[in-house]
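The values are calculated or read from the model by the stated rules, or taken from the named source; none is laboratory data. Because the structure is a prediction, the values reported are computed rather than measured. Neighbour counts are summed over all protein chains in view; Cβ atoms, including those assigned to glycine, are modelled from backbone coordinates with ideal geometry.
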Amino acid sequence: MAHLVLLAPPYAGHINPMLAIAAALCGRGHRATLLHTGAPPVAPAGVATLRLELPPPGPVPFSPIPPVRLTAQRTASLLRVLPAVLDRLGATALVVDQLEPAGALAAAARGLPWITVANALAVNREDGVPPPFTAWEWRPGLAGRNRNRAGWRVHDLFMRPLSRVIADWAAAHGLSMRDLDDTFSPLAQLSQLVPGLDFPRAALPAGFHYVGPLRLAPPPPEATPRRLVFASLGTLQGHRAGLFRDIARAAQACEADLLIAHGGRLADHAAATLPGRPAVRDFVPQAEVLAGAAALVGHGGMNTVMDALAAGVPAVLVPLAFEQAAIAARVVRAGAGIAVHGRPLRARRLRAALAAVLDDPAYRQAAAMLQGQVALAGGAARAADIIADAIARAASVAA
């Protein structure tokens, strides 16, 4: 029986998929412990959790970009405590989020196998694919590759503080890792995407697997669509009353029922004044709601988009931050939705986009095609099988 330790950034969209993997691993007779640095997550039966108290990070190169600065600081802090925690737990392998390199570094320093999970958009680089911080569409040919190379150079400049943390710690521990790319597992890498949603890839490693949404329960069966629009901006952006107001006006103009989930972030007075009398909730069972929805209006977060596609629901996406614009670009290319960027004329463009995905059957047909891929991808159960196989292979090589 292996003892697998799981580590991800302290956000629900990264923690919840890891809990699904942990539960599937426990169902196969392994031990699983999720390390976290925030509020204790609600873990499924059999999955242990351990809160890490992080020390100050020490000297970290400055970055003017807050997400990069926070990631570099968190990684530096984790590296000060993680190796000792792994020793105390008797870890035999790690399952680490692609965007938290501390897990891979600590595993390599302890001679432990690790598996990488892209809970957000996979950041495996290749010249044919735009970097994940862009809204660029996929463009074949030399012009597209040159544009992408330039984008990746900018990406490397942005990520330099994190790369310095990785390189310095690795050098101090006799490792050859120099940047985030070096921390991706040589054994297995998992992505929540399905091939039809990703841009065309030509250079993924042999151990890369599209496994679809990582959830604690399988997607609900497809329900007969009705004219219900589900709106969510994820767990971090639910305070955006102006955007919810635009969404409510769009649903009202389309004569659609609207259900909003805001993660407990929208003020009561703002919710009470939304046009059209939408149903407004802190949280809802998202997959269940989407099974009966006709469309999603969202921010382009990975988990919300994948839940919509698992239900065959097309989307109108309004990217707000992180890799959401890149996810939206993939949805648009797949024909399963429309992206609305920027504030000018946003309300008018939202109305037109929502009317299109509700009334043009091509969007639902494209979403249904991706739904079929999600159904075959395997989810958390297949992820657990891949992880168990990778660990067994690593053990046989070590023996």
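Structure above, values below:
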{"read-out": "Residue among 67, 40, 83, 59 that is assigned to a helix (DSSP H, G or I) and either on the phi > 0 side of the Ramachandran plot or at pLDDT below 90 (or both)", "value": "67"}
{"read-out": "Condition check for residue 157: assigned to a loop (DSSP other than H, G, I, E, B), in the same structural domain as residue 207 (by TED's automatic domain parsing) and surrounded by fewer than 24 Cβ atoms within 10 Å (Cβ to Cβ)", "value": "no"}
{"read-out": "Residue match in the range 41-50 (condition: surrounded by 17 or more Cβ atoms within 10 Å (Cβ to Cβ), assigned by TED's automatic domain parsing to the domain that holds residue 388 and under 18 Å from the mean Cα position of the chain (by Cα))", "value": "yes"}
{"read-out": "Qualifying residue in the range 218-227 (condition: part of a loop (DSSP other than H, G, I, E, B) and touching an Asp or Glu at 6+ places or on another chain (Cβ under 7 Å))", "value": "yes"}
{"read-out": "Strands (runs of 3 or more DSSP E) enclosed by the range 284-399 - at least 2 residues per element that are touching a residue at least 60 places away in the same chain (Cβ under 8 Å), at negative phi and surrounded by fewer than 22 Cβ atoms within 10 Å (Cβ to Cβ)", "value": "none"}
{"read-out": "Search result, residues across the range 261-270 that are over 21 Å from the mean Cα position of the chain (by Cα) and under 26 Å from residue 322 (Cα atoms)", "value": "266, 267, 270"}
{"read-out": "Restricting the range 99-115 to residues that are assigned to a helix (DSSP H, G or I) and touching a residue at least 40 places away in the same chain (Cβ under 8 Å), the residue that is farthest from the chain's Cα centre (by Cα)", "value": "109"}
{"read-out": "Some residue of the range 69-91 being assigned by TED's automatic domain parsing to the domain that holds residue 389, within 25 Å of residue 382 (Cβ to Cβ) and not acidic (Asp, Glu)", "value": "yes"}
